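Worksheet for the structure shown next.
What follows draws every value from the coordinates through simple rules; no lab data is involved. Computed from a prediction, not measured in an experiment: that's the story for all the values here. So basically every Cβ, Gly included, is an ideal-geometry build from the backbone, and we count neighbours across all protein chains shown.
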Amino acid sequence: MSVKNRRAREREARRAAILDAAERVLEEVGYRNLRMEQVAEAAELSKGTLYLYFEGKDALCAGIAERRMKTMTPDLQSVGASAPNGLTAIGWMSLRFFENARQTPHILRVAIDWFQAPKLDDASDDFRRYRERVNDVLRTMMDTIERGQADGSIRADIDPFHKAVQSWSSSIGVHLFLLNAESMQQRIGRAFEPEALRQEHVASALRSLASSPDAARAAIEATIRPPTEPSLRKAAGDR
């Protein structure tokens with residue numbers, strides 16, 4: 001191995017270790033309370049060395065998100081590609097997205113906290129790479145909607161870009177409920193079933209996209225299979 005290659009691998013390993021440390025700190029203190037010196041201490045680095053890798057906390061958050069999305073996007077694309085049509089692909093991808101979020105709730109909490117920042121420093125290379133990943137996800141969603149429009153399962157009058165953005169934004173609200181289920185149940189005054197909420201969100205999205213009631217019904221049945229389907233019917237009022 002050449003000296004250049006060895007140094008590049010060492011830098012990548014150091015970068016990964018910093019992101020791991022930043023995830024731990026963010027899980028404890030949140031985006032708004034994050035300070036770079038906390039990450040430096042957790043990563044056992046000087047603050048100056050940390051800044052050689054990341055320009056600020058928005059670059060750190062972007063690095064964390066970009067690393068997660070790097071593996072998530074191909075997974076979503078693979079899941080969607082195996083579906084029989086575009087509408088069903090949207091359902092399968094949506095459930096996989098929820099499953100990924102359920103497996104890493106601490107990352108989702110940080111993401112939602114970060115979404116509420118009034119202003120972001122987007123000048124770093126890390127933010128540029130993160131933005132590219134965001135657009136990869138949106139492009140995947142748009143391509144899948146266009147696929148459904150071509151195969152007749154999705155309405156032709158839907159704008160793929162705005163629908164992709166709307167789907168992303170609405171899923172954030174559902175994730176917020178699911179992350180804080182106990183608190184939300186206190187606010188409502190009655191319990192709700194988290195899995196039924198996930199399923200009803202996906203079913204509602206499919207209904208809004210479907211070219212016909214039959215197309216919606218087929219996609220929902222292919223997406224939300226027994227034994228979870230009865231809980232969906234219960235949550236949906238047996239409609």
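Among 176-186, 50-60, 100-110, the peptide with the highest mean count of other Cβ atoms within 10 Å heads the list, and the full ranking is 50-60, 100-110, 176-186. Applying the Karplus relation 6.51 cos²θ - 1.76 cosθ + 1.60 with θ = phi - 60° to region 77-85 yields 3J(HN,Hα) values of 5, 5, 4, x, 5, 7, 7, x, 7 Hz, where x marks Gly and Pro.
Taking the chain as the reference, fit the longest principal axis to its C-alpha atoms, fit the long axis of helix 3-29 to the helix C-alpha atoms, and give the angle between the two in degrees, 0 to 90, nearest 10. Roughly 60 degrees between the two axes. At full extension, Ser78 and Glu37 could sit 10.8 nm farther apart than now, given 0.36 nm per residue minus the alpha carbon distance. Per residue, the Cα convex hull of region 91-142 amounts to 97 Å³. Helix 86-103 and the longest principal axis of the C-alpha atoms of the chain enclose an angle of approximately 50°. Cα-based values for region 128-214, radius of gyration first and Dmax second, are 15.7, 45 Å. Ranked from largest, the principal axis spans of the Cα set of region 168-208 equal 30, 17, 13 Å.
Would you please give the FRET efficiency between Ala117 and Ser169, computed as 1/(1 + (r/R0)^6) with r the Cβ-Cβ distance and R0 = 25 Å, to the nearest 0.05? Please report the intermediate quantities before stating the final value.
Numbers: r = 16 Å, r/R0 = 0.63.
Efficiency at R0 = 25 Å is approximately 0.95.
What list of whole percents do you get for P(r) of region 50-95, with Cα-Cα distances grouped in 5 Å bins up to the one holding the largest distance? Answer for region 50-95: a P(r) of 5, 21, 19, 13, 11, 10, 9, 8, 4, 1 percent. Restricting the calculation to Cα atoms, every distinct pair contributes to the Kirkwood radius of region 138-183, found to be 11.7 Å.
Quick one: plug the Kirkwood hydrodynamic radius of the chain (C-alpha pairs) into Stokes-Einstein at 4 °C, 1.567 mPa s, and report D in µm²/s. List each step's numbers first, then the result.
On the way: Rh = 19.7 Å.
The Stokes-Einstein estimate is 66 µm²/s.
Here the gap between Glu146 and Arg102, fully extended at 0.36 nm per residue and compared with their Cα-Cα distance, gives a gain of 13.0 nm.
In terms of packing, defined here as the mean over residues of other Cβ atoms within 10 angstrom, the peptides 70-79, 193-202 line up highest first as 193-202, 70-79. Around the Cα centre of the chain, unit charges on the Cβ atoms of Lys, Arg, Asp and Glu (plus for the first two, minus for the last two) sum to a dipole of about 240 debye. Taking the empirical scaling 2.2 N^0.38 Å for compact globular proteins as reference, region 58-131 has a Cα radius of gyration ratio of 1.26.
Length gained on full extension, Arg139 to Ser212: 23.8 nm, using 0.36 nm per residue less the C-alpha separation. When the Cα atoms of region 1-103 are aligned to their principal axes, the ranges along those axes come out at 52, 41, 19 Å in descending order.
Starting from the exponent 0.38 and prefactor 2.2 Å, build the expected Rg for region 67-183 from its residue count and divide its actual Cα Rg by it. It would help to have the intermediate numbers written out before the result.
Working: Rg = 15.0 Å, N = 117, 2.2 N^0.38 = 13.4 Å.
Ratio of Rg to 2.2 N^0.38 Å for region 67-183: 1.12.
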